[in-house]
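What follows is a set of notes on a single structure, which appears directly below.
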Amino acid sequence: MNKKQIIVISAPSCSGKNSVYSEIHTKYPYIHQSVSDTTRKIRTGEKVGIDYNYIDENTFLENIKNGVYVEYNYYDEHYYGTPLSQIKELAERDKPFVLIIDVNGALKIKELFGDKVIMIFILPPSIEELKRRMIERGENTPEEIAKRIKTAKSEIGQSEKYDFRIINDELSKTSQQIIKIIEKEILC
């Protein structure tokens, strides 16, 4: 990797990061997403090997011990990690690629790969709107939503460390803003 190639996208849960990636990939089909491992259960509509590699906790912990992950985190009672092999495989293609990871993972990737990385943080229009989206998704209890909101506030507090911050108040507009950043910073 000799140029900017890694696009890191972070956002609180329900802020639209996966939808934005879908728009990027539609416009630039050669921009792929790194597939992280997770111990959480697959959600409706997700695909194994596309959205995540779904593995059990023992396997994940063994992978940590064996240095498989370039970054990993424990969030909402599940592990998430980016295998170094994924980054190497995508980097060898000599095309830009996307990592959708949390703030801690993003900062680790920036530390490891420096100026090859652009970091984009997607902000919700408000905490109230974020909570509404979480409730609408219908996957979490009120206690889990409260926990996710607390995490979101912490993540938003660290968003100043990113190169770009975009408020997702309208998905198509947000996607276009991020595509323009990618075109200017990487595809120029």
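Model label sites at A91 and E170, defined 7 Å from Cα along the beta-carbon direction, differ in position by 3.9 nm. Each residue of the stretch 150-160 was assigned a 3J(HN,Hα) from its phi angle through the Karplus expression (A = 6.51, B = -1.76, C = 1.60, θ = phi - 60°), giving 4, 5, 4, 4, 5, 4, 4, x, 9, 5, 4 Hz with x at Gly and Pro. Largest GNM mean-square fluctuation among I118, I135, I166, using the chain with Cα springs under 10 Å: I135. Diffusion of the stretch 3-98 by Stokes-Einstein, at 10 °C in a medium of 1.306 mPa s and with Rh set to the Kirkwood radius over alpha-carbon pairs, works out to 111 µm²/s. Residue ranking by accessible heavy-atom surface, 1.4 Å probe, largest first, among D37, D51, D163 comes out as D163, D51, D37. In the context of the full set of protein chains, residues of the stretch 6-71 present 49 Å² of accessible surface per residue (probe radius 1.4 Å, heavy atoms only). The GNM of the chain, with springs linking C-alpha atoms under 10 angstrom apart, assigns the highest mean-square fluctuation among L130, L99, L61 to L61.
Only protein heavy atoms count here; on that basis, with a 1.4 Å probe, L107 has an accessible area of about 50 Å².
The alpha carbon gyration tensor of the stretch 100-188 gives principal lengths a ≥ b ≥ c with a/c of 1.5 or higher and a/b no greater than b/c, which makes the shape oblate. The lysines within cross-link reach of K27, meaning a Cα-to-Cα straight distance under 17 Å and a gap of 8 or more places when in the same chain, are K17, K95, K173, K180, K184. Mind running the shape call on the stretch 31-87? Use the C-alpha gyration tensor, a ≥ b ≥ c as the square roots of the eigenvalues: rounded below 1.5 for a/c, prolate if a/b tops b/c, oblate otherwise. Because a/c hits 1.5 or more and a/b fails to exceed b/c, the stretch 31-87 counts as oblate.
Computing the accessible area with a 1.4 Å probe over protein heavy atoms, can you report the carbon and sulfur percentage for the stretch 68-175? List each step's numbers first, then the result.
Numbers: 2830 of 5700 Å².
Whole-percent figure for carbon plus sulfur exposure: 50.
In terms of its C-alpha gyration tensor, the chain has an oblate overall shape, because the principal axis ratio a/c (a ≥ b ≥ c, square roots of the eigenvalues) is not below 1.5 and a/b does not outweigh b/c. Go ahead and set up a Gaussian network model of the chain, Cα springs under 10 Å, then flag whichever of E77, E170, E23 fluctuates most. In this elastic network of the chain, the residue with the biggest mean-square fluctuation among E77, E170, E23 is E77. Here each label is just a point 7 Å from Cα along the line to Cβ, and for K41 and E62 those points are 2.4 nm apart.
The values are calculated or read from the model by the stated rules, or taken from the named source; none is laboratory data. This structure is a prediction, so every number in the text was calculated from the model and none was measured. Cβ coordinates were reconstructed from backbone atoms using ideal geometry, including for glycine residues, and neighbour counts include every protein chain displayed. Areas reflect the complete protein model, heavy atoms only, side chains present, ligands, DNA and RNA absent. Shrake-Rupley method; radii C 1.70, N 1.55, O 1.52, S 1.80 Å.
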